[in-house]
Amino acid sequence: MTNYYDSHDGAPADDAGQPETEHGMTRRQLIRHAGWFGGAVVLTVASGEVISHIADARDTNAGAVAGAAAAASGTLRFVQVSDSHIGFHGPANMDVVGSFSEAINQVNSLGFRPDFVMHSGDLTHLSTAGQFDQVKQMMVGMKTDRVFTVPGEHDSIGDAGRAYRRTFGMGTLGDGWYSFDTHGVHFIALVNTLSLEKLGHLGNAQIDFVRKDLAGLSSDTPVVVFSHIPLFAMYPQWGWSTDDALKVIALLRRFSSVTCLNGHVHQLFTKTEGNITFHSATTTAYPLPKPGRAPAPTPQVVPARQLRDALGIRSVGYRQGDRELAIKDQRLA
């Protein structure tokens, strides 16, 4: 089942001797992962080995990796945007419509036409029908054939996601989950924002969907999973985790290449556990604080000239047969 509309129609890495925190990440790992915040990340996966480095606009190797993937024949190229929060009004960003428009322009200026664009949630800020219609109409301007979405918690305020599903849920299952295949890659889009106590939650029906969905796949099939809230314990104190995600992670362990892409946290963060790499995306709306550096994850006000450094999009390339996956995070600045 697919959830899209035609855009023209309408275990932590080893740290010997370092004690684990309550949620399974050593302090050294948290510091190491914190180095990914705010930087463009280029990731290459070849023969099951993950090689990554932080890049910026001057990094010619980053451009070469993404450019080679984009130019290759038979390459899958898609874009992830996240957390546009259309309808937000506040000093953290006085013009979220303008910054989302800039992100769309950036998608359209990548030098290639993405096979699809995924918006990984919090399309709106207050989940009103007008906000959903506005963001949908804006995404029609993206130069791509298909736009996919998953909901964020801001897309289900007061109605358990019904308004979201009326606009974006055609062809989905349950509360809006689905999967699809293209270019030899299997994609799963999950909904973990509807049954929130503190953490994200998938629920038994959705976990059963994943189990059946993966059952017929060969273990060498590359798998990409989208969700809004992280599927790993990024910072549970702020709700940046999913309480039953380990049941899905267990189902993904047999696959040689798994990439999980999420939004929600409004900043870049990368974590690798065995065959699974997790990437949190930045936002097109406003920054949130780094874990533990503020009392709560509230919108951060930064000097106007620095705002676009905190906002951006993600492009991904995958060349079938060579098993090369290139991920590049790009700032709006």
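The values are calculated or read from the model by the stated rules, or taken from the named source; none is laboratory data. What you see is a predicted model, and the numbers here were worked out from it, not measured in a lab. When we count neighbours, we look across all protein chains shown, and the Cβ atoms used for this are built from the backbone with ideal geometry, even at glycine. The accessibility values were calculated without ligands, DNA or RNA, using every heavy atom of the protein model including side chains. Shrake-Rupley method; radii C 1.70, N 1.55, O 1.52, S 1.80 Å.
Observations on the model:
- Looking at region 177-248, the trypsin sites (Lys or Arg not before Pro) that sit in a DSSP loop and have at most 12 other Cβ atoms within 10 Å of their own Cβ are LYS198.
- If you wrap the Cα atoms of region 121-236 in a convex hull and average its projected area over all directions, you get 8.2 nm².
- Region 215-312 - Debye-derived log10 I(q)/I(0), Cα point model, q = 0.11, 0.18, 0.19 Å⁻¹: -0.38, -0.84, -0.90
- Normalised by the number of residues in region 246-309, the mean separation of alpha-carbon contacts (under 8 Å, six or more apart) gives a relative contact order of 24 percent.
- For region 115-250, the relative contact order works out to 22 percent when only alpha carbon pairs closer than 8 Å and six or more residues apart are counted.
- Cα-Cα over 31 Å, subset of LYS143/LYS212; LYS136/LYS328; LYS143/LYS198; LYS136/LYS247; LYS212/LYS290: LYS143/LYS212; LYS143/LYS198; LYS136/LYS247; LYS212/LYS290
- Relative contact order (percent, whole number), region 209-284, Cα cutoff 8 Å, 6+ residue spacing: 30 percent
- When all protein chains stay in place and ligands, DNA and RNA are ignored, the 1.4 Å accessible-area order of THR128, THR149, largest first, is THR128, THR149.
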